[in-house]
1. Given 0.36 nm per residue, what is the gain on full extension from residue 94 to residue 58 after removing their alpha carbon distance, in nm?
2. Over the stretch 1-85, calculate the relative contact order: mean separation of alpha carbon pairs under 8 Å at least 6 apart, over the residue count, as a percent.
3. Roughly how many Å² is the accessible area per residue of the stretch 65-121, as a whole number, for a 1.4 Å probe?
4. Please work out how much length the chain gains when fully extended from residue 135 to residue 26, using 0.36 nm per residue of separation minus the C-alpha to C-alpha distance, in nm with one decimal.
5. Tell me the angle of helix 137-153 to the major Cα principal axis of the chain, expressed in degrees between 0 and 90 and rounded to the nearest ten.
6. Relative contact order of the stretch 5-154: what whole-number percent is it, with Cα pairs under 8 angstrom and at least 6 residues apart?
7. GNM, the chain, Cα, under 10 Å: largest mean-square fluctuation among 103, 121, 70?
8. How far apart, in nanometres, would the label points at residue 111 and residue 83 be if each is projected 7 angstrom from Cα along the Cα-to-Cβ direction?
Amino acid sequence: MVATSVIYHPKLKKCLILQRSRREIVHPLVWGVTGGKLEWEDLQTNKITRMNIDVPNWEGLVEKLVKREAKEESGLTIYDIRYLEDVVFVRPDNVPVVCIKFAAKYVSGQVKIPLDFEDYAWVNLRELKEYHHMEGIDREIKRTMAIFQKSAKR
């Protein structure tokens, strides 16, 4: 399982995009958003929140994953995480993956990208057109901006 997040900055009224490393096998130098996969370590380092008969459950673990990946890949702290959509794909090594996509608000921090990224930019929809980005990022940014701009007007 993979989770991604489009990070919206309320003051800038823009969303964060990151440029993948030139060393990446899949989509080198293509712009995307923060995200990562759930790993066994996530289950081992987080408490089981309930037992469903004899099956352990970890409630809220996906939200923790989204926050962790945002921090690791951008240096930013986020909150107000909202579901956008999901997609299933098959990796080149024939492993099926569920990707859950979220919108989130920037709360604090300065952008600091790790070595596995090349660059970052805060963009609106018009500016995004100037970047070679992953398919669907434009739709995700549009929905994220609509969610948070609508909630700001209340």
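The values are calculated or read from the model by the stated rules, or taken from the named source; none is laboratory data. From a predicted model like this one, the values you see are computed outputs, not experimental measurements. Using ideal geometry, Cβ is built from the backbone for each residue, glycine included, and neighbour counts are taken over all protein chains shown. These accessible areas exclude ligands, DNA and RNA; they are computed on the full protein's heavy atoms, side chains included. Shrake-Rupley method; radii C 1.70, N 1.55, O 1.52, S 1.80 Å.
1. Working: separation 36, 0.36 × 36 = 12.96 nm, distance 2.70 nm.
Answer, rounded to one decimal: 10.3 nm.
2. Details: 100 pairs, mean separation 21.6, N = 85.
It comes to 25 percent, rounded to a whole number.
3. Values: 3210 Å² over 57 residues.
That works out to 56 Å² for each residue.
4. Working: separation 109, 0.36 × 109 = 39.24 nm, distance 1.33 nm.
In short, 37.9 nm is gained.
5. 90
6. On the way: 248 pairs, mean separation 48.6, N = 150.
Relative contact order, the stretch 5-154: 32 percent.
7. Among 103, 121, 70, the largest mean-square fluctuation in the Gaussian network model of the chain belongs to 121.
8. If labels sit at residue 111 and residue 83, their model points lie 2.9 nm apart.
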